[in-house]
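See below for the structure under consideration.
The values are calculated or read from the model by the stated rules, or taken from the named source; none is laboratory data. No experiment lies behind these values; they were computed from the predicted model shown. All Cβ positions, glycine included, derive from the backbone under ideal geometry; neighbour counts span all protein chains shown.
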Amino acid sequence: MKKFVVPFVVLILGLMILSCSSRKVTRVNEEKQIDLSGRWNDTDSRLVAEDMIKDVLERPWLPNFVNKQGRRPVVIVGLVRNKTHEHISAETFIKDIEREFVNSGRVTVVQAGDAREELRDERADQQEFASVTTLKHWGLEKGADFMMQGVINSIVDADQSESVVLYQIDLELSDLETNEKVWIGNKKIKKLVQN
């Protein structure tokens, strides 16, 4: 029996090593669309953020604010809740939204959540440890005029050999002083996945 076990174990280990060494990794352009599973991915996040921020910046709330206030509005991006059937990194999507806002040059974006608290902690440290000429003062943060919030939902219809996944992304921009919704946007992505 031992006569067969040792060669068998060696054969199995050899096959395992060969199978591990056959993996090939190729770097691709980060904007190249690659959809392996049919689930929400980086391309969906980027394209939805681009489309929705383009839409929000073309709506009447923006020129109305600029004409009334004489300055660019300050926007904070709040929570985007994931109510889909899968794990989606809402933080990545929020960063895509913030990037599109900032790069447009048409609004000012301020930090939200944990990042804002980290900045405040640093400012507190500066009060004690930085020189008087370089420390940053309290009470000079820009207050946001508007907050963007949203939700990502999904609907799955499947049988044994294929499925259809619909992602619906709903974003809203609200005036922080009045709670008035000044823009509501909706984007849908539909994917057919065949096994």
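Give me the pairs: first residue in region 181-195 and more than 19 Å from Val156 (Cβ to Cβ), second residue crowded, with 16+ Cβ neighbours inside 10 Å and small (Gly, Ala, Ser), beta-carbon distance under 8 Å, and six or more apart or on different chains, which are they?
Qualifying pairs under 8 Å: Lys181/Ser174; Val182/Ser174.
Within region 169-180, identify whether any single residue is of a type in the set (A, V, I, L, M, F, W, C), in contact (Cβ under 8 Å) with a residue 40 or more places away in the chain and in contact with a Leu (Cβ under 8 Å, 6 or more places away or on another chain), and answer yes or no.
No: region 169-180 contains no residue that is of a type in the set (A, V, I, L, M, F, W, C), in contact (Cβ under 8 Å) with a residue 40 or more places away in the chain and in contact with a Leu (Cβ under 8 Å, 6 or more places away or on another chain).
Which one is modelled with the highest pLDDT among residues in region 163-174 that are surrounded by fewer than 16 Cβ atoms within 10 Å (Cβ to Cβ) and not β-branched (Val, Ile, Thr)?
This residue is Leu166.
Going through region 106-164 one residue at a time, which ones are more than 25 Å from Leu176 (Cβ to Cβ) and of a type in the set (D, E, K, R)?
Asp125, Glu128, Asp157, Asp159, Glu162
Please go through region 166-179 and give me each residue that is within 18 Å of Glu58 (Cα to Cα) and either of a type outside the set (Gly, Ala, Ser) or outside any strand (DSSP E or B) (or both), ordered by number. Spell out the reasoning first.
Kept after step one, since they are within 18 Å of Glu58 (Cα to Cα), are these residues of region 166-179: 170-175.
Asp170, Leu171, Glu172, Leu173, Asp175, listed by residue number.
Any idea which of Ile88, Ile76, Ile53, Ile34 is touching a Ser or Thr at 6+ places or on another chain (Cβ under 9 Å), modelled with pLDDT of 95 or more and not basic (Lys, Arg)?
Unique residue meeting the criteria: Ile53.
Working only within region 139-151, note down all residues that are loosely packed, with under 11 Cβ neighbours inside 10 Å and either within 19 Å of the chain's Cα centre (by Cα) or without any contact (Cβ under 8 Å) to a residue 40 or more places away in the chain (or both).
Gly139, Leu140
If I filter region 64-89 down to residues being of a type in the set (S, T, N, Q) and within 22 Å of Asp114 (Cα to Cα), which single residue comes out as surrounded by the most Cβ atoms within 10 Å (Cβ to Cβ)? Before the answer, list the steps.
Start the filter on region 64-89 by keeping residues that are of a type in the set (S, T, N, Q), which leaves 64, 67, 69, 82, 84, 89.
Subsequent filtering for residues that are within 22 Å of Asp114 (Cα to Cα) retains 82, 89.
On the way: Asn82: 17, Ser89: 12.
Across region 64-89, the extreme among qualifying residues is Asn82.
Name the one entry in Ser163, Ser154 that is touching a Phe, Trp or Tyr at 6+ places or on another chain (Cβ under 6 Å), outside any helix (DSSP H, G or I), touching a residue at least 40 places away in the same chain (Cβ under 8 Å) and among the polar types (S, T, N, Q).
Being touching a Phe, Trp or Tyr at 6+ places or on another chain (Cβ under 6 Å), outside any helix (DSSP H, G or I), touching a residue at least 40 places away in the same chain (Cβ under 8 Å) and among the polar types (S, T, N, Q) holds for just one of Ser163, Ser154, which is Ser154.
Hey, does region 117-130 have a residue that's within 27 Å of Leu192 (Cβ to Cβ) and either in contact (Cβ under 8 Å) with a residue 40 or more places away in the chain or exposed (fewer than 11 other Cβ atoms within 10 Å of the Cβ) (or both)? Outline the logic, then answer.
Of the residues in region 117-130, the ones within 27 Å of Leu192 (Cβ to Cβ) are none.
Scanning region 117-130, I find no residue that is within 27 Å of Leu192 (Cβ to Cβ) and either in contact (Cβ under 8 Å) with a residue 40 or more places away in the chain or exposed (fewer than 11 other Cβ atoms within 10 Å of the Cβ) (or both), so the answer is no.
State whether the residues of region 59-72 include one that is modelled with pLDDT of 95 or more and under 20 Å from Lys188 (Cβ atoms).
Yes.
Does region 154-162 contain at least one residue that is closer than 30 Å to Asn67 by Cα and either surrounded by 15 or more Cβ atoms within 10 Å (Cβ to Cβ) or at pLDDT below 90 (or both)?
No; the residues of region 154-162 include none that is closer than 30 Å to Asn67 by Cα and either surrounded by 15 or more Cβ atoms within 10 Å (Cβ to Cβ) or at pLDDT below 90 (or both).
If you scan region 48-63, which residues turn out to be in contact (Cβ under 8 Å) with a residue 12 or more places away in the chain and more than 15 Å from Asn103 (Cα to Cα)?
The answer is Val48, Arg59, Trp61, Leu62.
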